[in-house]
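Read through the structure below, which is laid out as structure tokens, and then see the notes.
Please treat every number below as a calculation from the coordinates, not as lab data. Note that the structure is predicted; figures quoted are calculated from it, not measured. Don't worry about glycine lacking a Cβ; one is built from the backbone with ideal geometry, like all the others, and counts go over all protein chains shown.
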């Protein structure tokens, strides 16, 4: 009798493991869809912006140099570039409508739900601490990699805007020094001044440098905690494996919570952020 009664347990456990693996497969598939969706959106954005921007620049230059420079050949040579930009945009939009039924925001929400579903499913299973440790390691390392990617993105945007500010400021000073009041170079001075002001405004408002710094700091801190837990050093020294995992989870969640508070603080105006910091 004990054997027949105990028989369903392995199959039940095996079924739960298969469900867990199926959820993991869905997570990987959704992550791939998010990457493809972001790439398509980037291509569409570049195509949509580049075509009209090229036409606007050519129009301004043609008007500014009217009667002095013949822009006919340049305009004719630029038309194929604008046409190709439109074709790429059309193909990208068509491809997105075929393969991307959900927006990036919807896909990220679906990914979060799948990860939470996998976490709950793993919690229902009777697993030893080593498997739980490995599962949390996968999750936390994924979070760390996301922090690093976002940090690189914000640093890259900050560097681009800073380059625009530096080059634009020098160009404005140089061109304004050699341009006359009636010179077509006056348009260049206006354009570069606008670009410098726009870049400075975006940099000051969105605080890309601070966002990248805090994300990198959080990623480094979580990585340091994980290394200490793996090597059983510092606060994890001479602790049982279960207590090490519990302490690491607590510290990792604390660091992630602090990162969310920093992001919320950066999203507030400077005055409110300072008042919130003083109140804390």
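Structure above, values below:
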item	result
Burial ordering of 29, 158, fewest other beta-carbon atoms within 10 Å first	29, 158
Simple label model, 7 Å out from Cα along Cβ direction - residue 146 to residue 22, nm	2.4
Separation of the residue 231 and residue 156 label points, Cα + 7 Å toward Cβ, nm	3.2
Projected label distance in nm at residue 191 and residue 63, using a 7 Å step from Cα toward the beta-carbon	1.2
Cβ-derived FRET efficiency at R0 22 Å, residue 32 paired with residue 267, nearest 0.05	0.15
Difference of contour (0.36 nm per residue) and Cα-Cα distance, residue 174 to residue 198	6.7 nm
Segment residue 253-residue 55, extension gain: residue separation times 0.36 nm, minus the distance between their alpha carbons	66.2 nm
